[in-house]
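A.B. asks: Could you have a look at this structure, given as structure tokens, before my questions?
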Amino acid sequence: MSIWKCFMAATAEELSSVLILYTKFFTVCSIFWRFGFWYSCLYAIGWIVLSTIFPQPWYRGPTKIYELNEAAFRDKVLHTAKSKPSSSTSTISTGEIKGPRITELDENGEPKEDKEDKEEKKLELEAKYWIVMLYANWSVACLNFEAVLAKLSIQYDVPHLKFGQIDIDIYPDLAEEFGVSKDPASFDLPTLLLFQQGKEIRRLPELTITKEGANSSKTNAAKDTITRLGWSKQPSTVINAFQLEKIVNEKIN
């Protein structure tokens, strides 16, 4: 398993994370073998404390990925009517704010746009295709994969293709709607969804659905696990599966 994860690592950061993880595990086993149970426990507790205080940082490089809320996802990606804000979020659109607003002026006396206004104007641009990553902040796989998606968002930056991401811990209804499990033991995260004019046409990893009336055997469960675990998070996998070259070269009227 460790060799497989090293082979499937998409970035140097992910490879380092995998190597450090298994180094910790084998070190614990070695300490337990030589010094006993309590020394191995102290070593494990020490690593847990250090990992909690100094967690692996998220990607902070250049990116053109939009951080979406549920309303923006349904409006811009699915092209459906805006739903009511869920109780799990306190995000308020500037268009919903009533009453006078304070507007900062620049040196020429023109209204100065803040960062949120600029982001909202960018989202006003319609796109035929969207690639959306469903992620969770606690998922190391999502943390490692964000750098890959960020580079793809820059490489394939065209008006009719946009990249977005949405936190399913904040919007669990979307995870349930698209059949994505938040269970840490599952292999659903991160999930990439490709939308064309509001309809899902492809996803990674593929969604395996058992036919109604069919028995879910151990063989089918094993195939499902291999399908989800085995998809390579390399940029080439996303490019080939979603046919990004074809989408980028597509002529939009």
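A.B. asks: Given (1) at pLDDT 65 or above; (2) part of a loop (DSSP other than H, G, I, E, B), identify the lone condition not met by Leu19.
C.D. replies: (2)
A.B. asks: For residues that are of a type in the set (Ser, Thr, Tyr) and touching a residue at least 12 places away in the same chain (Cβ under 8 Å), scanning just segment 136-181, find the one that is farthest from Asp75 (Cα to Cα).
C.D. replies: Restricting to residues being of a type in the set (Ser, Thr, Tyr) and touching a residue at least 12 places away in the same chain (Cβ under 8 Å), the top hit is Ser139.
A.B. asks: Identify all residues within segment 145-189 that are in a helix (DSSP H, G or I) and under 19 Å from Arg203 (Cβ atoms); write none if there are none.
C.D. replies: Phe145, Glu146, Val148, Leu149, Leu152, Ser153, Pro172, Asp173, Leu174, Ala175, Glu176, Glu177
A.B. asks: Any residue at all in segment 128-136 that is modelled with pLDDT under 95 and farther than 26 Å from Lys182 by Cβ?
C.D. replies: yes
A.B. asks: So, one more: Can you tell me which residues in segment 163-188 are more than 14 Å from the chain's Cα centre (by Cα), open to solvent by less than 70 Å² (accessible area, probe 1.4 Å) and farther than 21 Å from Asn69 by Cβ?
C.D. replies: Matches in segment 163-188: Ser186 only.
The values are calculated or read from the model by the stated rules, or taken from the named source; none is laboratory data. Keep in mind the model is a prediction, meaning the values are calculated, not measured. Quick reminder, even Gly has a Cβ in these numbers, built from the backbone with ideal geometry, and neighbours come from all protein chains shown. Areas reflect the complete protein model, heavy atoms only, side chains present, ligands, DNA and RNA absent. Shrake-Rupley method; radii C 1.70, N 1.55, O 1.52, S 1.80 Å.
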